[in-house]
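In what follows, a structure is listed as structure tokens, so that the remarks can point back to it.
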Amino acid sequence: MSWATILDARALAPGAIAPIDDDWIVWRTRTGALGTLPRRCPHMDFDLLDGTVAGEELVCTGHGWCFDVDGHAGKRNVLGRLDAKDDVVTRAVREREGHIEVAGVRR
Ligand code: FES
């Protein structure tokens, strides 16, 4: 697997979201886990770079779909119940020697 350095790890604090390029974002959960997602929400194409991180999920500003670091998608109702949506592809991501690195798409 080929890894590419994209960011200094200090630039992505817990709860932060950053672009990888025009098509992908990288984000960090509140507990520090790293995730990647396609930049356009699969629901109606809102930019997930404008989303918010709530706990271990990235939430789209469009209509509230949420995503975890494994690409599982869903939408929570007002009581917190998660209704699953189709999973999205992600890219392998890791933190190594103070940098964040990404690799190819994983399914
Ligand atoms: S565009 Fe993301 S939830 Fe609708």
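The values are calculated or read from the model by the stated rules, or taken from the named source; none is laboratory data. Computed from a predicted structure; not experimentally measured. Here Cβ is always computed from backbone atoms with ideal geometry, including for glycine, and neighbour counts include all displayed protein chains. Accessible surface is based on the protein model in full, side chains and every heavy atom, while ligands, DNA and RNA are left aside. Shrake-Rupley method; radii C 1.70, N 1.55, O 1.52, S 1.80 Å.
Structure notes:
- Between amide H atoms placed 1.01 Å from N, distances below 5 Å from Trp65 occur with Cys60, all of them 5 or more places distant or on a separate chain.
- With all protein chains in place and ligands, DNA and RNA left out, the 1.4 Å accessible area ranks Leu58, Leu34 as Leu34, Leu58, largest first.
- Loop-located trypsin sites (Lys or Arg not before Pro) across the range 1-48 with a Cβ neighbour count of 15 or fewer within 10 Å are Arg30, with loop assigned by DSSP.
- Largest to smallest accessible area among Met1, Met44 [probe 1.4 Å]: Met1, Met44
- Computed lengthening from Val105 to Ser2, 0.36 nm per intervening residue step minus Cα-Cα distance: 36.0 nm
- Of the accessible area of the chain, computed with a 1.4 Å probe over protein heavy atoms only, carbon and sulfur atoms account for 49 percent.
- Cα gyration tensor shape for the range 26-92, rounded if a/c is under 1.5, else prolate or oblate: rounded
- Glu56 accessible area, 1.4 Å probe, all protein chains in place, Å² to nearest 10: 80 Å²
- Accessible-area ranking of Thr31, Thr52, Thr90, largest first, probe 1.4 Å: Thr31, Thr52, Thr90
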